[in-house]
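Before any comments, here is the structure.
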Amino acid sequence: MTLPLTPAMRQYVEIKSRYRDCILFFRMGDFYEMFFEDALRASRLLDIALTSRDKESNIPMCGVPHHARNAYLSKLIRQGCKVAICEQIEEPGQKGIFRREVSEVVTPGLVFSEECLDARGNNFLAAVRFVAPFACAALDATTGEFFHEACDTEEALADALFRIAPAEFVALEGEGNPTTSRGKRLLEGKLLTLLSPSAVAAFPAPPGIEGIPSADHPSWGVVRAALYYLFLHQPAALSEIGRVAEREGRRYLAMDETAVRTLEIFSTLSGERKGSLLWAVDRTRTPMGARMLRAWLAAPLQDVERIGERHDAVGELLEAHAIRKSLSTPFDAMGDLSRLASRLAQDRSGPRDVTALRDHLEGISAIKTALGEPYAKRLQSVKGLLGDHAAVVDRISSALADPPPPGYREGGVFRPGYDAQVDELTRLLTHGKEMLAEMEVRERQRTGIGGLKVGYNRVFGYYIEVTRAHIDKVPADYIRKQTLANAERFITPELKEFEGRVLRAQEGRAAREEELFLALRDSLKEILPAVYAAAGGIGELDVLLSFAELAAENGYGRPQVNGGREILIENGRHPVVEKILGKHAFVPNDCRLSPDGTRLAVLTGPNMAGKSTYIRQAALIVLLAHAGSFVPADRAEIGLVDRIFTRIGASDDLSRGESTFMVEMRETARILDGVTDRTLVVLDEVGRGTSTYDGLSIAWAVAEHLHDSPSRPKVLFATHFHELTDIVSTCANARNFHVAVREWQGEIIFLRRIDEGSASKSYGIQVARLAGLPASVVERARDILKNLESAEYNEDGLPTLAGARAAGGSANAQMELFSRRARKDEDAVLEQVRRCEPERLSPLDALMRLAEWKGRLEKGAT
């Protein structure tokens, strides 16, 4: 038998039916309660107790305190939930229950509470189209940022989405199913909402938004989907969207997910911010600057002129130490101007938000004064964006009390003299306190009760309190109001009349101040475009100032980014490793790559010697230069780079049945298919995920393919395959480099210096000996290595691995054929002599090897 629901539960069920995809926070007194399926789900996600509404109906229930709402909201949205906030909006009368309505719907991409947001990062809602033509739109409703991008492939779309890291996704029905594993991985753990195409098409886009693409543009649907979703859940936020910008991928240096992750641009491979490039270079002081720095690193420029303008600005600030110092104070005091403006646009601002806005606008004047008259074009532009806000600062200062209360219904919002009606009501309330004191004295004298008190509480209003010891002295005109354990409370006609006047004055002042504050808040909306422009200017100046501080602290130099195709770095350093070790502990190195010179640099050396650090630092220097920063190098001339590809490290994807080697080959295939004449490719240990011969063969073929590519990309190729160094004999624009190592008293010393030429040996067996492998195992390894190396070259002295290419080379060099054959045995013996470690040989072993070498030389001479 189904028990009937109470009126409150019927109200809950009715409201929940309109928000089926949300967890409903149902306000009941001091708690937000959840029932039925919502209670089961929320109790698990929030790790709170699950109870029941009553024993008879056994309705599941859980709840959270209203004052801790945002903390619990944050936990739910981080786990991909939507939450509908249902508030009590009126007091009940003699009959009935509270009227309740949903005041807002909070989703991972549409959340405005500071406790739920990262002040130094954006919170993007992404509308996506995973079918051709591919496109996405990203909207941060907390700052008003809104842009869209059309992409050629789903892989390019996945790259764009990975860089902006959306908190939530929406898509039209039929367009939200990615086909690639990378696209599917982006959606894992994220909320994806599918929208009706007809509903989105019928939605009238707000007329005040500039830049909405036409119906034949690939981004038309995603832009409208984002706006429609915003309209459904946070319609007030539409008012702050002024324009939607088009982001064209070809204008920025492209990096796919693999490059961003393995170069550790925003986080380390373990997911920590500390140790990332962003951590190493971030000197920003404002939330706007922190978000803009991340955006600049995610999308470095490909325009030589714009890059140069950023470098000019950084250079001017670097030279002007006094200006940097004077800017530090106003920047340290600057809050999140963008999000304050957003709150104002959405009618979320309270008195303290408005005074904070005033304080930050007032601080802009100090920033402009400190900046002076700059000569760099970007600094001049920034100064123009900052604007003049003296009038609005005066308007707010003349109106609001300092400090104001948190809410505008609490009284004391406005300064004396701002409004005559508020002043009159305030005087009545102030005088009322004096009247109460006089009444208390008068009543004590009249009744002879020395302990008589006149008081007030929010439940019973004003009262006269008399202790039980003096009850017999209470006059006849006292009317009993409340009985306590040791006292009685009364009211008199005079006190009743006074209470009415005070309550009317309180209500009147609260209503008047609310009216005045809402009018002031509405009037301030006219300055929002100027405030958003100023926020953008402060953010850009903060990033440029951060780059200048970084250069001053660490001795970074100005790179020359040009239209050529050469990369020249002198004494380059890894920005992250240098920060951890200190500048003087880091060994700098040069790097030179060009299509006509060294376009394939093969780097060898033992583990832990610094190969990966070197190739990563070259890529990071290129990235920083394109972002507008100075770079950790004495000199850097960088031809414009359109994309950085990386294949670094080992990782598997067991959830999709892909091994480490399969992931590696997929990434390598994407690189080979995507290079251009301006691409920088960074490869580390290609081929190590399979057998030695398979891996070596693949590594050789990949290196050879990149070298011979008509696009002539610039390639840094780090490897443990010592045999790969022989590729220089068949590839004219390949060069060998190695990490210098020295042996001293049986120990290996890593010099961290990159020298030309291949490593004399891999040091693998040496490292194994130092690690404690038994001597018999080490010696057996030497013998096996000797056998393997004996087959390293063909009869023409060319690397056997080169195959047909080596044969072709020998056919074109017949004049050298016989001399090479004559030198074959001599070269082999010399190589074994070079690799020999006499101190490790017994006298008998030494004699045996000497006899072997002598026999081979005599045989070669006959």
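The values are calculated or read from the model by the stated rules, or taken from the named source; none is laboratory data. Everything numeric in this text was worked out from a predicted model, so none of it was measured. When we count neighbours, we look across all protein chains shown, and the Cβ atoms used for this are built from the backbone with ideal geometry, even at glycine. When the accessible area is computed, the model is the full protein with side chains, heavy atoms only, and any ligands, DNA or RNA have been set aside. Shrake-Rupley method; radii C 1.70, N 1.55, O 1.52, S 1.80 Å.
Laid out as a table, the results:
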item	result
Residue check, R446 assigned to a helix (DSSP H, G or I), in contact with a Pro (Cβ under 8 Å, 6 or more places away or on another chain) and open to solvent by 50 Å² or more (accessible area, probe 1.4 Å)	yes
Residues being in a helix (DSSP H, G or I), more than 16 Å from K325 (Cα to Cα) and open to solvent by 20 Å² or more (accessible area, probe 1.4 Å) - total across the range 366-391	9
Qualifying residue in the range 564-582 (condition: open to solvent by 30 Å² or more (accessible area, probe 1.4 Å), under 29 Å from the mean Cα position of the chain (by Cα) and on the phi > 0 side of the Ramachandran plot)	no
Search result, residues across the range 260-277 that are hydrophobic (A, V, I, L, M, F, W, C) and touching an Asp or Glu at 6+ places or on another chain (Cβ under 9 Å)	V260, L277
Enumeration of residues in the range 219-252 that are assigned to a loop (DSSP other than H, G, I, E, B), out of contact with any His (no Cβ under 8 Å at 6 or more places or on another chain) and within 20 Å of L192 (Cβ to Cβ)	Q234
Filtered residue count, the range 413-436, keeping only those that are assigned to a helix (DSSP H, G or I), in contact with a strand residue (DSSP E or B) (Cβ under 8 Å, 6 or more places away or on another chain) and modelled with pLDDT of 85 or more	1
Tally of residues being open to solvent by 30 Å² or more (accessible area, probe 1.4 Å) and in a helix (DSSP H, G or I) across the range 340-355	3
Meets criteria (more than 25 Å from the chain's Cα centre (by Cα) and crowded, with 20+ Cβ neighbours inside 10 Å) for V200	yes
Every residue from the range 678-695 that is at pLDDT below 90 and surrounded by fewer than 21 Cβ atoms within 10 Å (Cβ to Cβ)	E685, R688, G689, T690, S691, T692, Y693, D694, G695
From Y408, Y478, Y463, residue being surrounded by 15 or more Cβ atoms within 10 Å (Cβ to Cβ), hydroxyl-bearing (S, T, Y) and in contact with a helix residue (DSSP H, G or I) (Cβ under 6 Å, 6 or more places away or on another chain)	Y408
Residue pairs meeting the criteria (Cβ under 7 Å; at least 6 apart or on separate chains; first within 21 Å of G411 (Cβ to Cβ), in the range 515-528; second of a type in the set (S, T, N, Q))	R521/S349
Within the range 5-35, considering residues that are loosely packed, with under 14 Cβ neighbours inside 10 Å and touching a strand residue (DSSP E or B) at 6+ places or on another chain (Cβ under 9 Å), the one nearest to P108 (Cα to Cα)	D21
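Residue-wise test of (1) touching a residue at least 40 places away in the same chain (Cβ under 8 Å); (2) out of contact with any Leu (no Cβ under 9 Å at 6 or more places or on another chain); (3) surrounded by 13 or more Cβ atoms within 10 Å (Cβ to Cβ).
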position: E37; (1), (2), (3): no, yes, no
position: L40; (1), (2), (3): no, no, yes
position: I48; (1), (2), (3): no, yes, yes
position: R53; (1), (2), (3): yes, yes, yes
position: P60; (1), (2), (3): no, no, yes
position: H66; (1), (2), (3): no, yes, yes
position: N70; (1), (2), (3): yes, yes, yes
position: L73; (1), (2), (3): yes, yes, yes
